[in-house]
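Below: one structure, written as structure tokens.
Read-outs: derived from the displayed coordinates by stated rules, not from any lab. Because the structure is a prediction, the values reported are computed rather than measured. Cβ atoms come from the backbone with ideal geometry, glycine included; neighbour counts cover every protein chain shown.
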Amino acid sequence: MRQITVTEHLILHQKKSPAATGMFTGLLHDLILAAKLITRNVSSAGLLDVLGGTGEINVQGEAVQKLDDFANRVLIHRMERSGALCMMASEEIADIIPVPSRFTRGDYVLIFDPLDGSSNIDVNINTGTIFSILRRRTPASQDPSIDDALQAGMHQVAAGYILYGPSTMLVYTTGQGVHGFTLDPSVGEFLLSHPNMQIPEQGKIYSVNEGNYLHWDNTTQNIVNYFKSKDNAIGSPYSMRYVGSLVADFHRTLLYGGIFMYPMDHRSPEKPRGKLRLLCEASPLSFVAEQAGGAATDGLKRILEIEPTSLHERVPLFIGSRNDVEVVNKFYAGAM
């Protein structure tokens, strides 16, 4: 049977949707090209001088890895030339990145985490690029502004991730379901391998860093205890799986079901905080989850309804099978 390439799939969906444009298809095509360049270096990380840190600290206060820096530069260089974007925002850079006036500016905004899980690069654990695409709000006659990026996740035009592992996979949604493509290195094409992906409604796996248990509030501790007990929806303890790379943990959850959790951290009681970035991590993955039949919450509110107030805002995240996420909502609402 002939396999469908991601380009063919994009063109097919463009024909089905009156809102789709050639500019948008070209944007995703350039994003895919950037992913191919990144995966080439990731797959050769042990042979090239790309392991370890750069000695710099990013806007998040985290050590910048060489591959992180490479992925960030590749995405900016490739995407500012696409002709489809007016601006970008990266987890690695404090401010917005307007497309220079010497390039054609389009109607879209790209927000990305260039290499999620980069702290695991040196031990050869899966990493990935997470992306979110929005339509600009400001008139085309004006320069783009941060307001173009500060949009609730429900306004995303597309979102997804590229997973760099034993095989390289692209998983994305444009609001018409979730589709996965695997890179065939022999032909250099992403081929449709996982059409219409669906998260099981009920899971049996929980994923969380239990090393932070003492820094959670009582409700959060009770939630994790629920999944570890016999008194839950499946009548036995859930299996525990935790990679420590968000994109890898989410990909497993998408395929097998269950719930991934990164709760609020209370180690500083006067200033509790979430860990994951709303715009470049929680929001795009939540769009994918919902389009696959799952759900995502911060414990009190649907992730896609949160109105961001800053470019690097952090939130708690509970994401995965609909039934398991609903349990979290009930605990925080005091109904369990």
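The table that follows gives values for the structure above.
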{"read-out": "DSSP loop trypsin sites (Lys or Arg not before Pro) with at most 11 other Cβ within 10 Å excluded, longest remaining stretch of the chain", "value": "103-229"}
{"read-out": "Coil-residue GluC sites (Glu not before Pro) of the range 246-300, DSSP, other Cβ within 10 Å capped at 15", "value": "Glu270"}
{"read-out": "Long pairs among Lys301/Lys330; Lys275/Lys301; Lys228/Lys330; Lys204/Lys230; Lys275/Lys330; Lys204/Lys228, criterion Cα-Cα beyond 19 Å", "value": "Lys275/Lys330"}
{"read-out": "log₁₀ of I(q)/I(0) at q = 0.21 Å⁻¹ - the range 205-332, Debye sum with one point per alpha carbon", "value": "-1.32"}
{"read-out": "Inter-probe distance in nm under a simple model that places probes 7 Å from Cα toward Cβ, at Lys301 and Ile93", "value": "2.8 nm"}
{"read-out": "For the chain, Kirkwood radius (reciprocal of mean inverse C-alpha pair distance, Å)", "value": "20.3 Å"}
{"read-out": "C-alpha long axis of helix 322-332 to longest principal axis of the chain, angle in °", "value": "60 degrees"}
{"read-out": "The range 247-288: equivalent-ellipsoid semi-axes (sqrt of 5 x gyration tensor eigenvalues, Cα, Å)", "value": "24, 13, 7"}
{"read-out": "Cα lying deepest toward the dipole's positive end in the chain, options Ser101, Gly117, Val288, charges on Cβ", "value": "Val288"}
